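Please read the structure below before turning to the comments.
Taken together, the values in this text are just the output of simple stated rules run on the coordinates, not laboratory data. No experiment lies behind these values; they were computed from the predicted model shown. For neighbour counting, all protein chains shown are included, and Cβ atoms are generated from backbone atoms with ideal geometry for every residue, glycine included.
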Amino acid sequence: MKITLANAEAVLDEALRDADKLHSRELRKVIAEYIEMQREAVKALRRKLH
């Protein structure tokens, strides 16, 4: 399960980098907020597993 969580974090990082290339500032902001929510969910899941 730890490998999967690490992969999830890597995917979030990659998605944020891709979002930074978008022209729409508003869309970048919304995507960044969503990614941050997902990071928090991954952290919460990590805490539950340990």
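One table, with the values for the structure above:
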read-out	value
Helix 2-19 axis, angle to the chain major axis (alpha carbon atoms, nearest 10°)	10 degrees
Rounded to the nearest 20 debye, dipole of the chain from Cβ charges on Lys, Arg, Asp, Glu	240 debye
Folded to 0 to 90 degrees: helix 25-49 orientation relative to the chain principal axis, Cα	0 degrees
Helix-only CD estimate at 222 nm, as mean residue ellipticity for the chain, using -39500 (n - 2.57) per DSSP H run (n ≥ 4)	-30000 deg cm²/dmol
Charge dipole (the chain, unit charges on Cβ, about Cα centre) - positive-most of A32, T4, A19	T4
Under 13 Å from K43, Cα to Cα: aspartates and glutamates that are on another chain or at least 8 residues apart	E9
Computed log₁₀ I(q)/I(0) - Debye formula, equal Cα scatterers, no solvent, the chain, q 0.12, 0.19 Å⁻¹	-0.29, -0.62
